[in-house]
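Here's the structure we're looking at; comments come further down.
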């Protein structure tokens, strides 16, 4: 039996250089992530990952907040390097002293090594202590001139592969306005102005996923006209969301109860977008009216 290797990335580097953005980026790439992992716990944690059957991609932030960092990290890294069950890399984030000082002033946080002294003193001490670790790192990224979006892009290009889940996906969601707006929606479209199958007795108990309902909704001229305008609006803007570094774009389409019109539109839109994008389709309120009736 061949055991799948663990892909492990240790994220470290200068405090204030962007480790929070980095670990969020790995999470978007499908990695299991932990921030501020004490070095002594790394081997035990990897044993648990090895026994698990699901995610074998792990990214851990190990940095100066772990007070015993420098007493333990070298021996831990040696063990990881010699473990043939682990594909191991270090990502070291750096920035100039001036930029780090500026970031600390913006956040008004104290440097972990500054104690009661100047921020710059803490930065210089940290840089000296981290110098050996930086020389061991396979990936060193200077974030001085990088925006968070650019850093996410850099990490995606360096650590994702063709077999990885795409870092940008689209959620197409139908819903009923009577049950409230979806809190996570980025774009919301209202189709309550279209002919309603609810008033057709033979269609009332069906949903927009049934051919009879979808056919009824889409065969009206105003429905087709709206759908084509919707496509013309959405398709050109999707690359912009991806370029900006957004990991999930949620497009919500609503009707009164979320059973007929919105479901038919969301399903058609999702099928269309799947030709070019990674798309997940869901229908929040499709069966809610039936469930309410059954409980009464």
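The values are calculated or read from the model by the stated rules, or taken from the named source; none is laboratory data. In this text, all values refer to a predicted model and were calculated from it rather than measured experimentally. Cβ coordinates were reconstructed from backbone atoms using ideal geometry, including for glycine residues, and neighbour counts include every protein chain displayed.
Looking at (1) surrounded by 21 or more Cβ atoms within 10 Å (Cβ to Cβ); (2) within 27 Å of the chain's Cα centre (by Cα); (3) in a helix (DSSP H, G or I), which one does residue 253 not meet, given that it meets all the others?
Among (1) surrounded by 21 or more Cβ atoms within 10 Å (Cβ to Cβ); (2) within 27 Å of the chain's Cα centre (by Cα); (3) in a helix (DSSP H, G or I), the lone unmet condition for residue 253 is (3).
Limited to region 8-38, what total is found for residues that are modelled with pLDDT of 85 or more and either in a helix (DSSP H, G or I) or more than 18 Å from residue 129 (Cα to Cα) (or both)? Break it down stepwise before answering.
Residues of region 8-38 modelled with pLDDT of 85 or more: 8-27, 31-35.
Within this subset, residues satisfying the condition of being either in a helix (DSSP H, G or I) or more than 18 Å from residue 129 (Cα to Cα) (or both) are 8-9, 18-27, 31-35.
Total meeting the criteria: 17.
How do the pairs read when you match residues in region 68-79 that are at positive phi and crowded, with 17+ Cβ neighbours inside 10 Å with residues anywhere that are at pLDDT 75 or above and not in a helix (DSSP H, G or I), using Cβ under 8 Å and keeping only pairs 6 or more apart or on different chains?
Cβ pairs passing all conditions: none.
Can you tell me which of 61, 140 is modelled with pLDDT of 85 or more, under 28 Å from the mean Cα position of the chain (by Cα) and surrounded by fewer than 19 Cβ atoms within 10 Å (Cβ to Cβ)?
Of 61, 140, the one residue that is modelled with pLDDT of 85 or more, under 28 Å from the mean Cα position of the chain (by Cα) and surrounded by fewer than 19 Cβ atoms within 10 Å (Cβ to Cβ) is 140.
Every residue in region 213-231 that is in a helix (DSSP H, G or I) and either without any contact (Cβ under 8 Å) to a residue 12 or more places away in the chain or not assigned by TED's automatic domain parsing to the domain that holds residue 174 (or both), please.
215, 221, 224, 225, 228, 229
Those residues that are in a loop (DSSP other than H, G, I, E, B) and surrounded by fewer than 17 Cβ atoms within 10 Å (Cβ to Cβ), I need them from region 182-203; list them, please. Write out each step before concluding.
First, pick out the residues of region 182-203 that are in a loop (DSSP other than H, G, I, E, B): 182-186, 191-196, 200-203.
Across region 182-203, the qualifying residues are 183, 184, 186, 192, 193, 195, 200, 201, 202.
Does residue 179 meet the test of being at pLDDT 90 or above and buried (at least 17 other Cβ atoms within 10 Å of the Cβ)?
Judged against the criteria, residue 179 is not a match.
Of everything in region 69-102, what is at pLDDT 85 or above and either assigned to a helix (DSSP H, G or I) or not assigned by TED's automatic domain parsing to the domain that holds residue 43 (or both)? Give them in sequence order.
97, 98, 99, 100, 101, 102
Determine, yes or no, whether residue 234 is assigned to a strand (DSSP E or B), touching a helix residue (DSSP H, G or I) at 6+ places or on another chain (Cβ under 8 Å) and closer than 30 Å to residue 29 by Cβ.
Judged against the criteria, residue 234 is not a match.
Of everything in region 237-250 that's assigned to a helix (DSSP H, G or I) and surrounded by fewer than 16 Cβ atoms within 10 Å (Cβ to Cβ), which residue is modelled with the lowest pLDDT?
So, considering only residues that are assigned to a helix (DSSP H, G or I) and surrounded by fewer than 16 Cβ atoms within 10 Å (Cβ to Cβ), the one modelled with the lowest pLDDT is 243.
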